[in-house]
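The values are calculated or read from the model by the stated rules, or taken from the named source; none is laboratory data. All figures in this text were calculated on a predicted structure; none of them were measured in a lab. Positions of Cβ are generated from backbone atoms using ideal geometry, with glycine treated the same way; all protein chains shown enter the neighbour counts.
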Amino acid sequence: MTLAERLGAFATGMQLEDVPERVRSFARSQVLSQLAAARATLGHPLGRRLVQAFGGPLQADPKAAAFCLGTLTLALDYDDTLYAGHVSHSTVGVPIAYAGPLGLDGRRFLEAVMAGNECASRVVAGATLGSFRGQTAAYGHLVGAAVSRMRAEGASPGDTASALALACSLPPHSLAPAFFGGDSKALTAAVGIRAALDACDAAAAGITGAADILEHPEGLLATFADVPLPDAVVESLGSRWHTETLSVKLYPACAYLDSALDAAVQLHGDIEAALLDSPGENPHRSDPHDRPPGDHASIGSVADAVEEVVVSCSLFTLGMDLRSRSYTDGPASSPSALQFSVPYPVAVALLTGAFTPADLAPPRLDDHVVWELAGRVRLEHDPELTRRAVLATAPLGEALRQAGPRASAWLARLSGEVDAAVLLEVAGPAGASFETASKEIGAALEVRLVGGRTLGRRVATPRGASGPSTRRDHPALARAKFLATGGSGAVADVLEHLEDLRADELAGALASALTTD
């Protein structure tokens, strides 16, 4: 059997009873968190433009609705991740769009989400050792959209494999100037979603694709990976669950920024406490506790007290920032550029104690105080943070373990030959389970205040990232994210019992979740 055929057989045969409850709970949190991401963008100026262009997420045509959802959930970088990939735009968005037209109940809906998750994340894992990871691995949505729709429709294994083969025939390719330099990044997932949904219709009409499109020497994996891992696509299929590697995104920014933002939020309180304890640090300040959070005078007081901010980080964060720097231009910067550039989000978090979707639009975006502090932020590489990030399950540690010596040359280009040899030696074998999956993109912040005092915070694993605390807290994290976007507590309560919902209950909950007026 080809890889597409094996994925098709799994996707159509998987039953909810086959999936441990701990894994199903991650899928429920994933759905709620993605609904929150869509809500956040609907309330943002960019979201209003996207709806004007493509219609809303509740329109009658499910293809158009899925396309719109793909833009909304990606636009502000508020989307969740699995190992491997930002697959939720298709694996959650497509079942949402088709739930009403197909009359899906909660069980069928959740099975479609999980089938899409398991297939799409595995294909992205198979091409992780290459140049396209994270949101730029848009080919994953060809798999996620095709599999989740075919499972929702109750398609046969053969038809699912055919749709998958057709979908992967013409994979989308992200270009850096478009991804960072304007609003077109919002289309990254949607283009692949629409192509995959068209492939489903083509397969139903008897149109065929290349059955070995994934593993062929000139196929998808070989095209997008320097070290293709076809074995990763079907490794422990049905027993090792990628869904439980979920990381819940709590900031509208690249996940490589999350630890730095956690540290900055903590330091915001530390700075205000320092100003209260040491009036001499900033003799011109006003008492920050006398003003509401986010008040401009309070922000100015904190900014005046900071001389320099040093962010120590891994190569992942450093490289992301370097790549996006040329696309940032103060208040004229696009939201896409700011989601990948360290100084502006860190400055906002230091000054306000938060970084929210509203901070990617005026009036915050036009605040000269924020930009002046951003100019005092600099980055330094921390080799130990890079080592920990590389060895964690995500974003690529498990791929290194599965590749073994095949990854030597690729990893050497990232970290040097000596470090690559050491990292591969200590990486160990591939895991039989993802029950202890991790994502450790850490950071340390040091804030030097006027007058010489230094404050610091270090975060190894950010809130929401795959790891012990997220395994414990992900339902609460997803719920808090949904409520923070104005979502209804009653809707969140209903979706906690997703697989038990009747079709009308599910349709009503999804419609309420995506209604912002």
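Details
- Among the residues of region 300-346, the ones that are β-branched (Val, Ile, Thr) and under 20 Å from the mean Cα position of the chain (by Cα) come to 3 in all.
- Some residue of region 408-418 being out of contact with any Ser or Thr (no Cβ under 8 Å at 6 or more places or on another chain), on the phi < 0 side of the Ramachandran plot, small (Gly, Ala, Ser) and surrounded by 18 or more Cβ atoms within 10 Å (Cβ to Cβ): no
For every residue, the table says whether it meets (1) among the acidic types (Asp, Glu); (2) assigned to a helix (DSSP H, G or I); (3) in contact with a strand residue (DSSP E or B) (Cβ under 8 Å, 6 or more places away or on another chain).
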residue	(1), (2), (3)
445	no, no, yes
458	no, no, yes
463	no, no, no
466	no, no, yes
480	no, yes, no
493	yes, yes, no
507	no, yes, no
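- Of the criteria (1) more than 29 Å from residue 502 (Cα to Cα); (2) crowded, with 24+ Cβ neighbours inside 10 Å; (3) out of contact with any Phe, Trp or Tyr (no Cβ under 9 Å at 6 or more places or on another chain), which one residue 45 fails: (2)
- Checking residue 137 against (1) under 18 Å from the mean Cα position of the chain (by Cα); (2) under 20 Å from residue 9 (Cβ atoms); (3) small (Gly, Ala, Ser), the condition it does not meet: (2)
- From the list 444, 476, 465, 511, the one residue that fits, being more than 30 Å from residue 342 (Cα to Cα) and small (Gly, Ala, Ser), is 511.
- Residue pairs whose Cβ atoms lie under 8 Å apart, sitting 6 or more positions apart in sequence or on different chains, and linking a residue in region 223-240 that is in the same structural domain as residue 169 (by TED's automatic domain parsing) and on the phi > 0 side of the Ramachandran plot to a partner that is modelled with pLDDT of 95 or more and among the aromatic types (Phe, Trp, Tyr), are 238/10.
- Selection within region 137-177 - assigned to a helix (DSSP H, G or I) and at pLDDT below 95: 176, 177
- Some residue of region 1-18 being surrounded by fewer than 24 Cβ atoms within 10 Å (Cβ to Cβ), assigned by TED's automatic domain parsing to the domain that holds residue 134 and more than 23 Å from residue 150 (Cα to Cα): no
- Residue in region 81-104 that is surrounded by fewer than 24 Cβ atoms within 10 Å (Cβ to Cβ), at pLDDT 95 or above and part of a loop (DSSP other than H, G, I, E, B) present: yes
- Pick from region 353-399, criterion outside any helix (DSSP H, G or I) and touching a Lys or Arg at 6+ places or on another chain (Cβ under 8 Å), ranking: nearest to residue 339 (Cα to Cα): 395
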